1. Looking at S46, S24, can you tell me which residue is in contact with a Phe, Trp or Tyr (Cβ under 9 Å, 6 or more places away or on another chain) and not aliphatic (A, V, I, L, M)?
2. Would you point out the residue of the stretch 126-139, among those that are crowded, with 16+ Cβ neighbours inside 10 Å and among the β-branched types (V, I, T), that is nearest to H80 (Cα to Cα)?
3. Restricting to the stretch 165-191, name every residue that is surrounded by 12 or more Cβ atoms within 10 Å (Cβ to Cβ) and modelled with pLDDT of 95 or more.
4. Of all residues in the stretch 1-53, which are away from ligand 2 (no atom under 16 Å from the Cβ) and in contact with a Gly (Cβ under 6 Å, 6 or more places away or on another chain)?
5. Against the definition (of a type outside the set (A, V, I, L, M, F, W, C) and touching a Phe, Trp or Tyr at 6+ places or on another chain (Cβ under 9 Å)), how does S75 come out, yes or no?
6. Out of L5, L27, L61, which single residue is at pLDDT 95 or above and either touching a Ser or Thr at 6+ places or on another chain (Cβ under 6 Å) or surrounded by fewer than 13 Cβ atoms within 10 Å (Cβ to Cβ) (or both)?
7. If I ask for residues that are surrounded by 14 or more Cβ atoms within 10 Å (Cβ to Cβ) and either away from ligand 1 (no atom under 13 Å from the Cβ) or without any contact (Cβ under 8 Å) to a residue 40 or more places away in the chain (or both), which ones from the stretch 30-43 would you list?
8. Could you please find all residues in the stretch 61-95 being within 8 Å of A7 (Cα to Cα), within 16 Å of ligand 2 (Cβ to nearest atom) and more than 8 Å from the chain's Cα centre (by Cα)?
Amino acid sequence: MEPRLVALSGTPGTGKSTLAHLASVRLGVHLVDLGVLAKECGALTSYDGARKSWDVDLERLQQAVEGLPRQQGTSLLVGHAAHLLDVPLVVVLRTDPRVLRERLGQRGWPTSKVDENVEAETLDTITIEAVEERGIDAVVELDTSSAGIEVLLEQLQQVLAGERAKYRPGGIDYSGRLLESSEGRVAHTRR
Ligand SMILES: Nc1ncnc2c1ncn2[C@@H]1O[C@H](COP(=O)(O)OP(=O)(O)O)[C@@H](O)[C@H]1O
Ligand SMILES: [Mg+2]
């Protein structure tokens, strides 16, 4: 099988690591953890103390990806910046913001960081960036809010086999959640 690179992106908490590990065991895809790779190649440039996250030098990360030993078959590049890399297929995992808030709450993150990610998810941020960067035909979305992991694995398998139309961006819309933000923060800023 020809080597190929597939990005697996999504807001933190949408289930990237979970699906990636299952795909590695069950589908035999090769995993590249972009968080680890970014650290190893010195692409984590500066720590943003306010957001409690690192800024990533994408050019350096792209070079590191291109320098990886070529694996047979599919390599999944896993991370919340994966969709910004120059790869022919981007899988974006999506989660209902109410479910995501619960998942992120369990991580013990500061409320501001949970809020920031829940808002980003509500506004389709990663999908929009992916479509801007790679074009709509290169992007698919899978919803992890209630689909069990086996269903998701099956959907990922379909996508890797060439299915795109069924999972085309636009099918998932959480914008109604803007009016029912559990913090009321977003709702209060609306007029
Ligand atoms: N399909 C799913 N259904 C229900 N819970 C899930 C699913 N995928 C992941 N989770 C749970 O959501 C949380 C975040 O998953 P994780 O894989 O760490 O996300 P990410 O790597 O995108 O940050 C974990 O507690 C995980 O068990
Ligand atoms: Mg993860």
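1. Working: S24 fails: in contact with a Phe, Trp or Tyr (Cβ under 9 Å, 6 or more places away or on another chain).
Criteria check complete, one pass: S46.
2. Of the stretch 126-139, the ones crowded, with 16+ Cβ neighbours inside 10 Å are 126-127, 129-131, 133-134, 138-139.
Next cut, among the β-branched types (V, I, T) only: 126-127, 131, 139.
Values: I126: 8, T127: 11, V131: 15, V139: 14 Å.
This residue is I126.
3. Y167, R168, P169
4. The answer is M1, and nothing else.
5. Against the criterion (of a type outside the set (A, V, I, L, M, F, W, C) and touching a Phe, Trp or Tyr at 6+ places or on another chain (Cβ under 9 Å)), S75 does not qualify.
6. After ruling out the rest, the residue left standing is L5.
7. H30, V32, L37, A38, C41, A43, listed by residue number.
8. L76, L77
The values are calculated or read from the model by the stated rules, or taken from the named source; none is laboratory data. All values reported here derive from a predicted model rather than from experimental measurement. FYI the Cβ positions are ideal-geometry reconstructions off the backbone, even for glycines, and counts take in every protein chain you see.
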